[in-house]
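Trainee: Pasting in a structure now, in C-alpha cells, and then I'll have a few things to ask.
The values are calculated or read from the model by the stated rules, or taken from the named source; none is laboratory data. The model shown is predicted, which means the values in this text are computed figures rather than measured ones. Cβ sites come from the backbone with ideal geometry, for glycine too, and all protein chains shown count toward neighbours.
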Amino acid sequence: MVAGKGTATLGGEVQAYHLEQQARGVSLHTARAQKGDLEKLLDHAARARWEAWEVTPRTLRGFAMELGDRGLDPASQARILSTVRAFFKWLWETQRIAKNPASGLRNPKQPKRLPAFLTEGESRALLDLPAPVDFPTARLACLLELLYASGLRVSELVGLDLQDLLPDQRTLRVLGKGRKERLVPYHAQAAEVLKAYLGFRSNHLAVEALPPSQALFLNLRGGRLTPTSVRAMLRRALDAAAVRSRVSPHALRHSFATHLLNRGMDLRAIQELLGHASLSTTQRYTHLGLDELARTYEKAHPRAKS
C-alpha cells in the first residue's frame, strides 16, 4: 500500500472487499461473519495506530496475539485469521499491495477433538428398537445396523446400489473418498436385517407402483435417500431409544472403530475397513481405549504396583 495513507484507507479497502465478495455471491451468513472479523482488524489497526498502514507480518502477529489475549477460543481465532488472510490475499492479487504480509499468518493450535461415540450398551439400545413392521421401520433398522456393522460413512451408505451387495460373501462394495473402492464385510445379524428390509423395499415399490431403482436405500417416493434424511432419522431413533442426544450418524462409524479396537482388532485392519488413506487418521480412535489400556498396564507392568 502506498506509504502515507492512514487507517481510513484500510477501512476503504475493507469496504471494497465486502462489495467484491457480495458480487461473487457469497452467502449472507458468510458476509456477516467476514464483516465482523475485519471490523476486529480495523479496531486493532486504529488502536495500534497503523498510520501509514504498511502492514507487516509482525504487525499481523500482534493482531493474532491480541485475539488470544481477549480470550477468544482457538476456533474463533482461526476463523478470524482465515478471513484476514483472504482479505490480504485479495489486496495482493488485485495489486493494491506489493507483498502479502498475511501469507505466513498461522492459526493457533486447535485442541484435539475426540470423536463422539456410543458405548456398547448405547449401541445395543439403539439397535434393539421394536421389530420392523413396515417399509420405514425396516429401512431405519437396516440403516442403523449397517452403519454399526460396517463403519461406513453416511454418504457411502446412501450411495450403495443393489449391485454393491455381495450377499454370498456378506460383503459390501463401497465407493469411498477419492472414488476408491473397497470391500467391507458385515455380520450375520446385519445380513438378516438387510434381507428383511429388501423384502419390505420390494413390496413398497409394488404397492406404490413406483419404478424400479438401483439405489439400495429409498425414500417413500422411490428416490435415493439423502444423508440429511438419514441424520433426521437417527435423531428420532436416539430419542426413541433414550440414548443421549447430539450424536451424529458419524458416531456409529466411530463406535464401530472404537468397539473393534477395544476388543483387540489390529489398528491397520480397522484402517482398511474405514477406508482411511493414512493410519494417523485411524489413530484418533486409540484414545478411546486408554482407560482399559491403563488398567491393563497397571496389572501387567512389573513396577506398576511399587
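Trainee: Which residues, taken from segment 224-233, are assigned to a loop (DSSP other than H, G, I, E, B) and surrounded by 15 or more Cβ atoms within 10 Å (Cβ to Cβ)? Can you show your working first?
Mentor: Taking segment 224-233 first, the residues assigned to a loop (DSSP other than H, G, I, E, B) are 225-226.
Answer for segment 224-233, where residues must be assigned to a loop (DSSP other than H, G, I, E, B) and surrounded by 15 or more Cβ atoms within 10 Å (Cβ to Cβ): just LEU225.
Trainee: Do any residues in segment 258-283 that are loosely packed, with under 13 Cβ neighbours inside 10 Å have Cβ atoms under 6 Å from those of residues that are in a helix (DSSP H, G or I), where the two are at least six apart or on different chains, and which pairs are they?
Mentor: From residues that are loosely packed, with under 13 Cβ neighbours inside 10 Å, the pairs are LEU279/GLN271.
Trainee: With segment 122-215 as the region, which helices (runs of 4 or more DSSP H) entirely inside it contain at least 1 residues that are over 24 Å from HIS259 (Cβ atoms) and among the hydrophobic types (A, V, I, L, M, F, W, C)?
Mentor: Numbers: elements: 135-150, 154-158, 188-207.
Fully inside segment 122-215 and qualifying: 135-150, 188-207.
Trainee: Run down LEU81, LEU41 and say which single residue is assigned to a helix (DSSP H, G or I), touching a Phe, Trp or Tyr at 6+ places or on another chain (Cβ under 8 Å), at pLDDT 90 or above and not polar (S, T, N, Q).
Mentor: LEU41
Trainee: Just checking, which of ARG221, ARG236 is farther than 21 Å from GLY159 by Cβ, free of Cβ contacts under 8 Å to residues at least 24 places away in the same chain and loosely packed, with under 12 Cβ neighbours inside 10 Å?
Mentor: Values: ARG221 fails: farther than 21 Å from GLY159 by Cβ.
Going through ARG221, ARG236 in turn, just one is farther than 21 Å from GLY159 by Cβ, free of Cβ contacts under 8 Å to residues at least 24 places away in the same chain and loosely packed, with under 12 Cβ neighbours inside 10 Å: ARG236.
Trainee: Something else now. Among the residues of segment 1-38, how many are at pLDDT below 80 and surrounded by fewer than 14 Cβ atoms within 10 Å (Cβ to Cβ)?
Mentor: 4
Trainee: Next question. Taking only pairs six or more apart or across chains, which ones have beta-carbon atoms under 7 Å, a first residue in segment 54-78 that is at negative phi and of a type in the set (A, V, I, L, M), and a second residue that is surrounded by 16 or more Cβ atoms within 10 Å (Cβ to Cβ) and modelled with pLDDT under 85?
Mentor: Close Cβ pairs satisfying both conditions: ALA78/PRO108.
Trainee: Looking at ARG179, ARG170, ARG201, which is the one that is surrounded by 15 or more Cβ atoms within 10 Å (Cβ to Cβ), closer than 29 Å to GLN271 by Cβ and of a type in the set (D, E, K, R)? Before the answer, list the steps.
Mentor: Values: ARG179 fails: surrounded by 15 or more Cβ atoms within 10 Å (Cβ to Cβ); ARG201 fails: closer than 29 Å to GLN271 by Cβ.
Just one listed residue meets the conditions, ARG170.
Trainee: I'm checking my understanding of the structure. Among residues of segment 5-49 that are in contact (Cβ under 8 Å) with a residue 40 or more places away in the chain and among the hydroxyl-bearing types (Ser, Thr, Tyr), which one is nearest to LEU81 (Cα to Cα)?
Mentor: By that ranking, first place goes to TYR17.
Trainee: Is there a residue being in the same structural domain as VAL230 (by TED's automatic domain parsing), modelled with pLDDT under 95, hydroxyl-bearing (Ser, Thr, Tyr) and within 23 Å of MET233 (Cα to Cα) anywhere in segment 162-185?
Mentor: Checking segment 162-185: not a single residue is in the same structural domain as VAL230 (by TED's automatic domain parsing), modelled with pLDDT under 95, hydroxyl-bearing (Ser, Thr, Tyr) and within 23 Å of MET233 (Cα to Cα).
Trainee: Would you confirm whether or not segment 248-270 contains a residue that is at pLDDT below 75 and farther than 25 Å from LEU175 by Cβ?
Mentor: For segment 248-270, residues at pLDDT below 75 and farther than 25 Å from LEU175 by Cβ: absent.
Trainee: Check ARG49, ARG124, ARG58, ARG70 and return the single one that is loosely packed, with under 15 Cβ neighbours inside 10 Å and in the same structural domain as GLN283 (by TED's automatic domain parsing). Outline the logic, then answer.
Mentor: Numbers: ARG49 fails: in the same structural domain as GLN283 (by TED's automatic domain parsing); ARG58 fails: in the same structural domain as GLN283 (by TED's automatic domain parsing); ARG70 fails: in the same structural domain as GLN283 (by TED's automatic domain parsing).
Exactly one residue qualifies, and that residue is ARG124.
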